[in-house]
1. Just checking, how many residues over the stretch 54-78 are more than 15 Å from the chain's Cα centre (by Cα) and modelled with pLDDT of 95 or more?
2. What's the total number of residues in the stretch 1-29 that are in a loop (DSSP other than H, G, I, E, B) and either at pLDDT below 95 or within 13 Å of the chain's Cα centre (by Cα) (or both)?
3. Are there any pairs, at least 6 apart or on different chains, whose C-beta atoms fall under 9 Å, with the first in the stretch 10-27 and within 13 Å of VAL67 (Cβ to Cβ) and the second modelled with pLDDT under 95 and surrounded by 16 or more Cβ atoms within 10 Å (Cβ to Cβ), and if so, which?
4. LYS26 - would you say it is surrounded by fewer than 22 Cβ atoms within 10 Å (Cβ to Cβ) and either closer than 20 Å to VAL95 by Cβ or touching a helix residue (DSSP H, G or I) at 6+ places or on another chain (Cβ under 8 Å) (or both)?
5. Specify the residue that is nearest to ILE3 (Cα to Cα); the eligible residues are those in the stretch 79-90 that are of a type outside the set (Ser, Thr, Tyr) and over 14 Å from the mean Cα position of the chain (by Cα).
6. For residues in the stretch 68-82 being loosely packed, with under 12 Cβ neighbours inside 10 Å and not polar (S, T, N, Q), which is nearest to ILE30 (Cα to Cα)?
7. Just to verify a result, which residue in the stretch 30-67, among those that are part of a strand (DSSP E or B) and in contact with a Ser or Thr (Cβ under 8 Å, 6 or more places away or on another chain), is surrounded by the fewest Cβ atoms within 10 Å (Cβ to Cβ)?
Amino acid sequence: MRILITGVAGFIGSNLAEYLLKKGHKIIGIDDLSFGLLEQVPSKVNFHKVNILNNNIYPLFNNVDIVFHLAAKNCISDCQLDPVETTNVNVLGTVNVF
């Protein structure tokens, strides 16, 4: 299957990608690297450095069987310092993924 993972450079996203690759799936990964690390993304992932708020992500969903949406701003102190940015990423970003 073709599987898309948002937040693929984070701890959970990168480990999920590794697991799914071992099962023989093709992985498309999206991450803007604001919190994740490129070094964590498995080399066989078709990686795209793009923010989930960007409309350029739409074509990446073509012919995808499953989406794991893991991209989020989740550092509590960062969220408290800038709740508007947190809302933009976590709410509007999710709407854009949907």
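1. From the stretch 54-78, those more than 15 Å from the chain's Cα centre (by Cα) are 62-63, 65, 75-78; that's our starting set.
If we keep only those that are modelled with pLDDT of 95 or more too, we end up with 62-63, 65.
Residues in the stretch 54-78 being more than 15 Å from the chain's Cα centre (by Cα) and modelled with pLDDT of 95 or more: 3 in total.
2. So in the stretch 1-29, the residues in a loop (DSSP other than H, G, I, E, B) come out as 1, 7-10, 23-25.
Okay, now just the ones that are also either at pLDDT below 95 or within 13 Å of the chain's Cα centre (by Cα) (or both), so 7-10.
Within the stretch 1-29, residues that are in a loop (DSSP other than H, G, I, E, B) and either at pLDDT below 95 or within 13 Å of the chain's Cα centre (by Cα) (or both) number 4.
3. GLY13/GLY36
4. Details: surrounded by fewer than 22 Cβ atoms within 10 Å (Cβ to Cβ): yes; either closer than 20 Å to VAL95 by Cβ or touching a helix residue (DSSP H, G or I) at 6+ places or on another chain (Cβ under 8 Å) (or both): no.
Spelling it out, it is not the case that LYS26 is surrounded by fewer than 22 Cβ atoms within 10 Å (Cβ to Cβ) and either closer than 20 Å to VAL95 by Cβ or touching a helix residue (DSSP H, G or I) at 6+ places or on another chain (Cβ under 8 Å) (or both).
5. Filtering the stretch 79-90 down to residues of a type outside the set (Ser, Thr, Tyr) leaves 79-85, 88-90.
Remaining after also requiring over 14 Å from the mean Cα position of the chain (by Cα): 79-85, 88.
Numbers: CYS79: 29, GLN80: 33, LEU81: 34, ASP82: 32, PRO83: 31, VAL84: 30, GLU85: 28, ASN88: 25 Å.
Among residues in the stretch 79-90 that are of a type outside the set (Ser, Thr, Tyr) and over 14 Å from the mean Cα position of the chain (by Cα), the one nearest to ILE3 (Cα to Cα) is ASN88.
6. Step one: of the stretch 68-82, the residues loosely packed, with under 12 Cβ neighbours inside 10 Å are 75-77, 80-81.
Subset that is not polar (S, T, N, Q): 75-76, 81.
Numbers: CYS75: 19, ILE76: 22, LEU81: 25 Å.
So, considering only residues that are loosely packed, with under 12 Cβ neighbours inside 10 Å and not polar (S, T, N, Q), the one nearest to ILE30 (Cα to Cα) is CYS75.
7. Our first condition is that a residue be part of a strand (DSSP E or B); within the stretch 30-67, this holds for 30-31, 46-49, 66-67.
Those still in the list that are in contact with a Ser or Thr (Cβ under 8 Å, 6 or more places away or on another chain) too: 30-31, 67.
Values: ILE30: 29, ASP31: 28, VAL67: 16.
Restricting to residues being part of a strand (DSSP E or B) and in contact with a Ser or Thr (Cβ under 8 Å, 6 or more places away or on another chain), the top hit is VAL67.
The values are calculated or read from the model by the stated rules, or taken from the named source; none is laboratory data. Everything quoted here is computed from the prediction, not taken from an experiment. A quick note on method: Cβ atoms are made from the backbone with ideal geometry, for glycine too, and the neighbour counts reach across all protein chains shown.
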